[in-house]
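The values are calculated or read from the model by the stated rules, or taken from the named source; none is laboratory data. Note that the structure is a prediction, hence the values are computed from the model and not measured. Methodologically, a virtual Cβ is constructed for each residue, glycine included, from the backbone with ideal geometry; neighbour enumeration extends over all protein chains shown. These accessible areas exclude ligands, DNA and RNA; they are computed on the full protein's heavy atoms, side chains included. Shrake-Rupley method; radii C 1.70, N 1.55, O 1.52, S 1.80 Å.
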Amino acid sequence: MGNYFPQLLLRLFLAYEFLESGLMKFNGTNWFSEIQSDFPFPFSIIPPEISWQIATWFELIGPVALILGLGTRFFSASLIILTIVAWVAVHAGNGYNFSNNGYKLALIYLIMFTPLLFKGAGKLSIDHLLSKRFASNA
């Protein structure tokens, strides 16, 4: 049981959170130019239009991949980087608390991504099926 559900629950929760954010970006207007100078290097030198597209599409494709358990380590690493940039550019100066748009949620996401990054998607995933398939062919 422990190799099935913990990673699945993490994947589903994080997928929901990031998909919601990606849909808001997809349907909204680009506000990255307002905070471009707050992005850490090298993200601060990427034009805000490109940064917006990168963030939007990683927040749309990444959650689908997390739900399926496909490329979980890659998308976890990608969304960790995105979360760190958001922490630095948007949340760091607002303190810790949710109510002040602080970094608490970003920190929670980073902690939740850690097992997915280091242990993978778990047994209820395409990643697991692919690893079994390739291991049996070796």
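For first residues located in the stretch 54-78 and touching a residue at least 24 places away in the same chain (Cβ under 8 Å) and closer than 9 Å to PHE18 by Cβ, partners that are open to solvent by 10 Å² or more (accessible area, probe 1.4 Å) and among the basic types (Lys, Arg) and lie 6+ apart or on another chain with Cβ distances below 9 Å form the pairs GLU59/LYS25; LEU60/LYS25.
Within the stretch 99-108, the set of residues being open to solvent by 40 Å² or more (accessible area, probe 1.4 Å) and either within 10 Å of the chain's Cα centre (by Cα) or under 17 Å from LEU19 (Cα atoms) (or both) comprises LEU105, ILE108.
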